[in-house]
Amino acid sequence: MKKLIVYILLLANSFSFACGFYPYGEDIRMQFLDSNHFNCQLFDGFHYSANYYYNASSLKEQLIIEPNDKLWYEYCKKKVPIDAIIEAVYKIPIQNFSQKSGNKMIAFLYQQKDFEAINYLKFAKSCEIANMFYSDPWERTETIEIKIIKNKVNDALKFAEKTNNLELKLRYKFLAIRMAFYGGLSKDVIRIYNTITNNNLNSINYWSMYFRAIVEPDKALQNFFTSQVFANATDKRFPVYSFYNKEVPITEVLKHAKTKPEKANVYAFAATKKHDRALEYIKKAFELNPESDFNIFILLRELNKIEDWVLTPYYTNFNPSISGNDYWNENRIFSYQALEKRINNDRKYANELLLFLNSINLNNVQIEVCKAQLSFITKKYDKSLNLVHLLEKKLTSTDSLFKDVQIIKALSLTANQQNNKAIITQEVQSILLKNKKNKKFLFAIARELEYLGNTTDAAFLFSKVNDINRNSYYDSYQPNISWKSRKHKRGSYRDYFYDYFGYVDILYTPKQVENIIKKAEITKTNCHFEEWLKSRIINEKSRLFDLLGTKYIRQNNLNKALEFFKKVDKKYWNDYYSNWNIYSNGSNSFDKNPFFEFNYTPDFIKNKETFYVTKTSYTRKLIEYLNKANNTKEKNRDYYYFIVANGYKNMTISGNSWMMRRYSVSAYDVEPFPEDEAEFQNSLLSKKYYRLAYKHAKAKKFKALCLWLAEDYKKLKQVQEDEYYELSNKNCYAFEDYFNTRR
């Protein structure tokens with residue numbers, strides 16, 4: 001009943017938090033050194049990650065033999081296959097242990113007349129019920145069950161005392177320790193553990209040490225035990241990880257370490273637990289035990305931190321993945337200058353790590369790969385490429401690290417170019433094709449090109465980054481790359497880009513878009529890279545013509561806008577802007593005549609012309625009406641200025657044709673905006689042309705309507721006070737009467 005009460009209390013205090021999507025964590029983290037390619041797979045789950053644990057389930061399955069299976073394999077003189085050991089130890093029940101067993105391990109033990117090992121296995125299987133925390137919800141038989149566990153512990157100790165087989169003696173004591181732990185007999189755990197000699201330590205010693213660590217009240221000693229277990233017992237790393245107390249000074253923990261490897265493990269585990277800089281601990285670990293695989297793990301972990309601290313903000317303009325990005329705080333000011341200061345500070349730290357690696361004399365290709373990446377991060381591109389050249393001589397294309405080296409090579413080759421002269425070299429093209437599903441790598445190369453002034457090739461690579469998601473069912477569930485602009489000013493859950501088109505829409509000039517189109521139109525025969533690079537943009541050429549025309553609309557360059565709108569395939573207008581629209585819910589459909597109708601306003605102008613509205617026809621009509629309005633010989637100049645003003649008004653945020661200037665609209669949009677943001681929000685051009693309509697109008701009420709729609713209420717009240725009050729009272733319901741007075 002006590003446990004039921006605790007459960008109810010926990011349930012009563014639980015809560016949930018829900019919000020809209022925003023890029024975070026592993027989705028934004030930049031990482032180019034793959035832990036799968038280093039000799040530290042046994043540390044999977046503990047590599048640097050924005051998640052609580054590194055998602056090892058996404059890694060390739062490793063053919064790793066479990067420590068217990070390996071010990072039995074050695075015990076059986078390597079004459080029994082692992083699958084037979086697994087079957088005998090974990091699956092075959094006690095009653096099936098006999099000389100007639102078809103299992104190769106059992107048969108081998110009987111053949112060797114190793115009855116002690118057979119009896120041990122039978123006893124171990126009989127103890128399985130005691131190898132878990134006892135759970136009795138109604139608390140009726142707890143005393144009885146604990147008595148059974150105590151008896152089993154005593155039996156294990158008796159068998160340990162009788163046998164002369166040192167490995168079986170150790171196994172029996174481990175069983176006793178484990179059962180004592182699950183039986184809540186902490187003092188017995190310590191007492192039994194103290195009888196174990198720690199000469200020639202193996203996995204069984206560290207399994208025993210794991211339970212010893214958990215019950216230890218002295219936090220410094222507990223940290224020492226957990227460090228040794230984590231370093232040596234691969235199957236106990238997850239359970240022991242949380243028992244390390246970071247508040248205990250490492251100097252207190254080191255008092256319990258007697259050997260250099262033990263001290264190195266203390267430093268290495270402390271480095272593993274640090275989310276911030278751990279170089280001082282790493283130096284000590286290398287000094288005390290230079291050849292340890294634990295060192296490669298903590299080195300790679302530190303380098304992955306640096307990749308996140310430097311490259312995540314450098315390429316995406318998000319904070320590092322574990323820092324958080326408080327998009328919900330709309331008053332948060334975004335400053336790339338502040339972010340850049342942090343990046344530069346962390347580059348200096350990267351250089352400290354590089355200097356340390358240069359100072360140690362270890363012939364380890366993994367360390368050389370780390371040095372090459374650190375040289376790239378610290379912008380020592382020539383040094384990085386020299387290391388890559390040496391590594392290419394040591395590694396073959398089938399070596400797992402070779403792919404990492406090639407990625408470093410491509411990044412360094414691209415970054416190591418002059419401003420406004422950067423290209424995608426032949427070597428980089430080849431590496432890109434081989435890694436075309438590595439979205440973060442494609443994005444990094446695109447950013448390097450963009451920063452060096454090659455915005456054209458950058459755009460093509462941006463188009464490929466998340467294009468992977470469009471091409472297969474599996475890839476569609478992979479997170480998109482998201483990024484921000486350095487021109488952002490404040491936070492919002494819409495302050496990022498996730499596709500090339502949105503980025504080009506906001507940040508690129510018309511000239512830059514024209515360059516993209518020109519490159520797409522140049523065909524190179526038998527060039528697989530060019531075909532791959534251009535494939536999406538070539539298929540979306542109409543969309544880019546639309547974008548280019550839209551950019552010229554924003555500049556009010558109507559003739560240039562019409563030139564490019566006319567190049568758009570007619571089907572495109574149906575697909576994107578009609579009621580048959582396949583890309584949205586219809587909110588961006590041209591379903592009203594923009595020169596004669598307003599949103600949320602009763603019709604007040606007799607529609608003298610009907611035409612199928614697209615951006616092309618819209619622009620063509622706007623030019624036509626402007627020409628008539630500007631023609632001094634035209635008798636109805638006031639009318640044409642008025643409908644021109646209507647056309648401009650409907651291009652604004654409140655208009656029925658806002659799509660002429662934007663591809664989406666949200667109250668959460670933040671800077672950078674397109675260049676016509678003032679026009680889009682305030683309808684300045686429509687006000688200009690309503691005033692021109694007023695200037696050329698003769699009818700008093702029509703003139704009043706022009707001033708009203710121009711929002712020049714002060715002047716209207718001064719010159720036509722009666723009409724001002726009538727329009728104030730009736731608003732849009734008076735428009736038809738006022739408009740018709742111009743006849």
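The values are calculated or read from the model by the stated rules, or taken from the named source; none is laboratory data. All values derive from a computational prediction rather than experimental measurement. All Cβ positions, even for glycine, are placed from backbone atoms using ideal geometry, and neighbour counts span all protein chains on display.
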TODO: Residues being surrounded by fewer than 20 Cβ atoms within 10 Å (Cβ to Cβ), touching a Ser or Thr at 6+ places or on another chain (Cβ under 9 Å) and among the small types (Gly, Ala, Ser): count how many of those fall in the stretch 166-203.
DONE: 1
TODO: Would you point out the residue of the stretch 1-49, among those that are among the aromatic types (Phe, Trp, Tyr) and more than 30 Å from residue 265 (Cα to Cα), that is modelled with the highest pLDDT?
DONE: 24
Task: Search result, residues across the stretch 697-714 that are more than 22 Å from residue 607 (Cβ to Cβ) and either surrounded by 14 or more Cβ atoms within 10 Å (Cβ to Cβ) or over 58 Å from the mean Cα position of the chain (by Cα) (or both) - done: 698, 700, 703, 704, 707, 710, 712
- [ ] Find the residue count for the stretch 343-363, including only residues that are surrounded by 13 or more Cβ atoms within 10 Å (Cβ to Cβ), farther than 16 Å from residue 282 by Cα and not basic (Lys, Arg).
- [x] 2
TODO: May I ask you to say which residue of 646, 682, 636 is polar (S, T, N, Q), in contact (Cβ under 8 Å) with a residue 40 or more places away in the chain and not assigned by the TED database to the domain that holds residue 555?
DONE: 646
- [ ] Note down all Cβ pairs under 8 Å where the first residue falls in the stretch 383-408 and is within 20 Å of residue 445 (Cβ to Cβ) and of a type in the set (Phe, Trp, Tyr), the second is buried (at least 19 other Cβ atoms within 10 Å of the Cβ) and at pLDDT 95 or above, and they're at least six residues apart or on different chains.
- [x] 402/395
Open item on the list: Within the stretch 243-324, considering only helices (runs of 4 or more DSSP H) that don't extend past its boundaries, which have at least 2 residues that are among the basic types (Lys, Arg) and modelled with pLDDT of 95 or more?
Closed with: 260-273, 279-288, 293-306
Task: Filtered residues of the stretch 235-291 (kept if small (Gly, Ala, Ser) and closer than 18 Å to residue 225 by Cα) - done: 242, 257, 264, 268, 270, 271, 285
- [ ] Residue by residue through the stretch 640-683, note down the ones that are more than 29 Å from residue 484 (Cβ to Cβ), of a type outside the set (D, E, K, R) and either in contact with a His (Cβ under 9 Å, 6 or more places away or on another chain) or not in a loop (DSSP other than H, G, I, E, B) (or both).
- [x] 640, 641, 642, 643, 644, 645, 646, 647, 648
Open item on the list: Return the residues of the stretch 377-417 that are assigned to a helix (DSSP H, G or I), of a type in the set (Asp, Glu) and surrounded by 14 or more Cβ atoms within 10 Å (Cβ to Cβ); say none if nothing qualifies.
Closed with: 392, 404
TODO: Considering each residue of the stretch 190-224, count those that are in a helix (DSSP H, G or I) and within 20 Å of residue 68 (Cβ to Cβ), and give that number.
DONE: 14
- [ ] Could you check residue 344 against (1) modelled with pLDDT of 95 or more; (2) over 23 Å from the mean Cα position of the chain (by Cα) and say which number it fails?
- [x] (2)
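Each row is one residue, and each column tells you yes or no for (1) modelled with pLDDT under 95; (2) of a type in the set (A, V, I, L, M, F, W, C).
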| position | (1), (2) |
| --- | --- |
| 363 | yes, no |
| 367 | no, yes |
| 384 | no, no |
| 401 | no, yes |
TODO: From (1) over 42 Å from the mean Cα position of the chain (by Cα); (2) closer than 19 Å to residue 562 by Cβ; (3) modelled with pLDDT under 95, pick out the condition that doesn't hold for residue 608.
DONE: (2)
Open item on the list: Please go through the stretch 505-529 and give me each residue that is farther than 24 Å from residue 651 by Cβ and surrounded by fewer than 18 Cβ atoms within 10 Å (Cβ to Cβ), ordered by number.
Closed with: 515, 518, 519, 521, 522, 523, 524, 525, 526, 527, 528, 529
- [ ] Could you identify the single residue in 717, 688, 730 that is part of a helix (DSSP H, G or I), loosely packed, with under 14 Cβ neighbours inside 10 Å and in the same structural domain as residue 650 (by the TED database)?
- [x] 730
